[in-house]
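Notes follow the structure.
The values are calculated or read from the model by the stated rules, or taken from the named source; none is laboratory data. Predicted model, so just to flag it, every value in this text is computed and none were measured. So basically every Cβ, Gly included, is an ideal-geometry build from the backbone, and we count neighbours across all protein chains shown.
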Amino acid sequence: MLRAAGLVKSYRAPSGMPIRVLAGVDLTVKGGEIVVVAGPSGSGKSTLLNVLGLLEDGDGGEVWFEDTRVSALGRSARSQARGRYVGFLFQSFLLLPSLTALENVLLAARYVGRSGAAMRRRARELLAEVGVADRMDHFPAQLSGGEQQRVAFCRAVLNDPPLLLADEPTGNLDDANGAVILGALRGRARAGAAVVVVSHRPEAAAGASALYRLRGGVLESS
């Protein structure tokens, strides 16, 4: 489902010196697999996910979704590929404060032009599956952190993307809510999605198909 080859990415420090974050990263994730990338804060895990998910351009290397080399596509085509293939889950939830939980989930359908009664029904079903059906008309400020992340998870999977990328998805959660989110991600893998989780928390690795560590810009098998 996902293949990355030779990904390179550098940033320029305030001193003007380049800092290499990714130094030739290779990664393959098949449908039904959940791959965990560990590493301390600042090791480049989020950058790796952003490049894999086409949110950032790499300085070199290739990204493939199935048989399509998406890293070579133009900006518009990359955006379309991202909407078709990828669901994102972030540590900071990224819910819009002016929208209800249900409306935040439905944003994913609007991005790909799939609004309508069927998507609204699916959004309600997803919220019920993760235990926040009674909160769907509440705004993010009225939700706990665990509830916000469950809403964000529903938004990420609403379009049934074949690839799910999760950036420290339990970083702002207590153990109980973190377990719910990790269980939901593993459920997506069992349903056939390719799932990549970056996390510094050891419990994220439980049940993973493969575990890697990002160290010095290099992805090492753990």
Inset, instruction - Considering each of VAL218, VAL198 in turn, give the residue that is within 16 Å of GLY87 (Cα to Cα) and either among the aliphatic types (A, V, I, L, M) or more than 17 Å from the chain's Cα centre (by Cα) (or both). - result: VAL198
Legend entry - Subset of segment 134-163 [surrounded by fewer than 16 Cβ atoms within 10 Å (Cβ to Cβ) and either within 26 Å of PHE65 (Cβ to Cβ) or under 13 Å from the mean Cα position of the chain (by Cα) (or both)]: ASP160
Inset, instruction - Can you run down the residue pairs with Cβ atoms below 7 Å, 6 or more apart or on separate chains, where the first is in segment 92-112 and under 13 Å from ARG122 (Cα atoms) and at pLDDT below 95 and the partner is surrounded by 19 or more Cβ atoms within 10 Å (Cβ to Cβ) and aliphatic (A, V, I, L, M)? - result: ALA108/LEU158; ALA109/LEU158
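When only residues in segment 51-74 that are crowded, with 18+ Cβ neighbours inside 10 Å and not hydrophobic (A, V, I, L, M, F, W, C) count, which is farthest from PRO162 (Cα to Cα)? Explain how you work it out, then say what you get.
Taking segment 51-74 first, the residues crowded, with 18+ Cβ neighbours inside 10 Å are 51-54, 58, 63, 65, 70-71.
Retained after the next criterion (residues that are not hydrophobic (A, V, I, L, M, F, W, C)): 53, 58, 71.
Numbers: GLY53: 12, GLY58: 22, SER71: 17 Å.
Only one residue tops the list, namely GLY58.
Does ARG188 satisfy being more than 26 Å from VAL21 (Cβ to Cβ) and charged (D, E, K, R)?
yes
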Inset, instruction - Would you be able to say whether some residue in segment 79-93 is touching an Asp or Glu at 6+ places or on another chain (Cβ under 6 Å) and either among the aromatic types (Phe, Trp, Tyr) or surrounded by 22 or more Cβ atoms within 10 Å (Cβ to Cβ) (or both)? - result: yes
Inset, instruction - Output the qualifying pairs, or none if there are none: Cβ atoms under 7 angstrom, residues six or more apart or on different chains, first residue in segment 173-193 and over 14 Å from ALA152 (Cα atoms), second residue among the aliphatic types (A, V, I, L, M). - result: ARG186/ILE34; ARG188/VAL157; ARG188/LEU164; ARG188/VAL195; ALA189/ILE34; ALA189/VAL195; ALA193/LEU163; ALA193/LEU164
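I'm trying to understand the selection: among the residues of segment 1-22, which are more than 15 Å from the chain's Cα centre (by Cα) and closer than 25 Å to PRO202 by Cβ?
Our first condition is that a residue be more than 15 Å from the chain's Cα centre (by Cα); within segment 1-22, this holds for 3-22.
Correct list: ALA4, VAL21, LEU22.
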